[in-house]
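Every number here is computed from the coordinates shown, using simple stated rules; none is lab data. Since the structure is predicted, the reported quantities are computational estimates derived from the model, not experimental observations. Here Cβ is always computed from backbone atoms with ideal geometry, including for glycine, and neighbour counts include all displayed protein chains.
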Amino acid sequence: MKQINILTTALFLISTNLISQTTDVVSGLSAPQGLLLNGNELYIAETWGDKISKIDITATKPTVTDVVTGVSHPSLLLLNGNDLYIAGNGENKISKIDITDTTPTATDVVTGLNQPQGMVLNGNDLYIAESWGNKISKIDITDTTPTPTNVVTGLGNPQGMVLNGNDLYIAERNKISKIDITDTTPTAIHVVTASHPNSIILVGNDIYIAEETGDKISKFDITDTTPSTTEVVTGLNYPAGIAIKNNIIYISEPKLTKIVSAQITLSLNENLFTKK
């Protein structure tokens, strides 16, 4: 009996250690949401600050630098070469800046959207999650005046998205679903349940999920026949944006006006992906 108790205690301690503890990276932000890593620079969408800022994650005490201001309620970000695409809820549009410019100016890409959130690029096709439109639309970014076309409708408040081959994974109100973008009329298929997921990112075979009302980061393996989520970081406060480099995950907490980080253990496939 004593050996069983020792084994049980050991297993509990091991399982507890699997849940990472967070460290504050930078605070005093204005409702930070979407995060994007470009090398050692972490770009931050400050929703209520109407701006994009950035920090150097290698700095001991990172200093926040404004990249571009006057962007109305930015939410999520996407990088294509030197072009940083910004989903702006305030004016219901996607804009972009050239991050190599000394003083970047945001230019409109497409307007007339319905609360744009997540973005995914497939060739020249930019897929957009229109949260209040309950749909995914797309545009051709090479068009002079892009016109959105519907890809799939009838979704539940879509937020972040990731693309793996032809499978587009979508964070909906209480789940992650997916569609095949090659289908003429795609149908959303339930993948896993999640508590109001916001941002999602793909690292190796794992999709990491910021579960807002679950106050945690979870993940699941897309290669599993019947996927299920496992907890990665708990005890958060309404997590929104996530970014990963090597074995560090960065998480935005809008209500606490800060970015936190945590050490995580990546699988072999994930490590190969991040090193690549």
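A few comments on the model shown:
- Residues (under 20 Å from Asn122 (Cα atoms) and surrounded by 19 or more Cβ atoms within 10 Å (Cβ to Cβ)) located in segment 169-200: Tyr169, Ile170, Ala171, Ile176, Ser177, Lys178, Ile179, Ile181, Ala188, Ser199, Ile200
- Failed criterion for Ser137 (all others in (1) surrounded by fewer than 19 Cβ atoms within 10 Å (Cβ to Cβ); (2) over 29 Å from Leu256 (Cα atoms) hold): (1)
- Qualifying residue in segment 220-243 (condition: buried (at least 20 other Cβ atoms within 10 Å of the Cβ), in contact with a strand residue (DSSP E or B) (Cβ under 9 Å, 6 or more places away or on another chain) and acidic (Asp, Glu)): no
- Filter result for Tyr238 (within 27 Å of Thr63 (Cβ to Cβ), touching a Ser or Thr at 6+ places or on another chain (Cβ under 6 Å) and not aliphatic (A, V, I, L, M)): no
- Of all residues making up segment 118-134, the number that are crowded, with 20+ Cβ neighbours inside 10 Å and farther than 16 Å from Tyr43 by Cβ: 8
- Evaluation of Val71 against the conditions (1) touching a Gly at 6+ places or on another chain (Cβ under 8 Å); (2) among the hydrophobic types (A, V, I, L, M, F, W, C); (3) without any contact (Cβ under 8 Å) to a residue 12 or more places away in the chain shows that the sole unmet condition is (3).
- Inside segment 38-72, residues that are outside any loop (DSSP other than H, G, I, E, B) and out of contact with any Leu (no Cβ under 9 Å at 6 or more places or on another chain) make up a count of 5.
- Residue count, segment 186-221 (criterion: under 18 Å from Thr265 (Cβ atoms) and more than 16 Å from the chain's Cα centre (by Cα)): 1
- So Asp108, is it farther than 14 Å from Pro74 by Cβ and surrounded by fewer than 22 Cβ atoms within 10 Å (Cβ to Cβ): no
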